[in-house]
Amino acid sequence: MMKNFDWTQFTKRIAIKSDLTAVYNAWTKSEELEKWFLSKAVFYTAAHENVPSSTPVSAGCRYEWNWYAQNYFEQGTITEANGTDFLEFTFAGNCKVGIRLKQQKDSVLVELTQKEIPLDDDSKANIRLGCAFGWTFYLINLKSILEGGIDLRNKDTELAGVVNN
C-alpha cells in the first residue's frame, strides 16, 4: 500500500463562503496573513524594500514568516502572483506551494499543492506528513476567519503539542 504513496507532493482543498478578492488578499497581504496563519509576516521587494502590510505581494518578493507558539521561522520567495486567483511561493526549503482559487457560486474553492518534496526520511516525515497536517489546520482556520471571524490558533507558548499550533 505505501509503495504507491506519493511522497513528493500533496494537495489540500477547502471551500470557503467568501469572494475571490478576500481570499486572494488573505494569502498576499501581511496584515491578512497575520489574521489566520502567521504571528508575523514580512515581505520585501526584489530591491529589499519593505512591502506595506496592506499591499499585495508580487512575484520576486521575499518573505520572512513566524508562527504563534512555535519556535519556527520560514524564509522564501514569491515565485508567481497573478493578482487574482493564483499564488506560488517557495516553502520548507526548495519545495513550492501553489494556491489556486476558483469562485464557485457563493464560495471560493481553495486548492493548495505542495510539491518538489525531497525523498529523504526527514523530508518525508517533516515536510510531506508534517506540512500536510499543518496546512489542513491552517486552511480550516482561514475558513473560520473568513466565514465567522473566529481564530482557532493556539497562541500560548506554554501549551505545546496541540493540533492548533
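Here are some notes:
Yes/no per residue for (1) surrounded by fewer than 16 Cβ atoms within 10 Å (Cβ to Cβ); (2) touching a residue at least 40 places away in the same chain (Cβ under 8 Å); (3) in a helix (DSSP H, G or I); (4) not polar (S, T, N, Q):
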| site | (1), (2), (3), (4) |
| --- | --- |
| 69 | no, yes, no, yes |
| 84 | yes, yes, no, no |
| 103 | yes, yes, no, no |
| 122 | yes, no, yes, yes |
| 138 | no, yes, yes, yes |
| 144 | no, yes, yes, no |
| 161 | yes, no, no, yes |
| 165 | no, yes, no, no |
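- Count of region 13-43 residues, restricted to those that are buried (at least 18 other Cβ atoms within 10 Å of the Cβ) and part of a strand (DSSP E or B), is 3.
- Boolean, residue 73 is without any contact (Cβ under 8 Å) to a residue 60 or more places away in the chain and either of a type in the set (D, E, K, R) or open to solvent by less than 50 Å² (accessible area, probe 1.4 Å) (or both): no
Each row is one residue, and each column tells you yes or no for (1) in contact with a Leu (Cβ under 9 Å, 6 or more places away or on another chain); (2) of a type outside the set (Lys, Arg).
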position: 107; (1), (2): no, yes
position: 119; (1), (2): no, yes
position: 124; (1), (2): no, no
position: 129; (1), (2): no, yes
position: 135; (1), (2): yes, yes
position: 141; (1), (2): yes, yes
position: 149; (1), (2): no, yes
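- Looking across region 146-159, the residues that are open to solvent by less than 80 Å² (accessible area, probe 1.4 Å) and in a loop (DSSP other than H, G, I, E, B) come down to 149, 151, 152, 153, 154, 156.
- Number of positions in region 44-67 that are touching a residue at least 60 places away in the same chain (Cβ under 8 Å) and either open to solvent by 70 Å² or more (accessible area, probe 1.4 Å) or under 18 Å from residue 112 (Cα atoms) (or both): 0
The values are calculated or read from the model by the stated rules, or taken from the named source; none is laboratory data. Small disclaimer: the values here were computed from a predicted structure and weren't measured. Cβ sites come from the backbone with ideal geometry, for glycine too, and all protein chains shown count toward neighbours. For the accessible areas, the whole protein counts, side chains as well, though only heavy atoms, and no ligand, DNA or RNA atoms are used. Shrake-Rupley method; radii C 1.70, N 1.55, O 1.52, S 1.80 Å.
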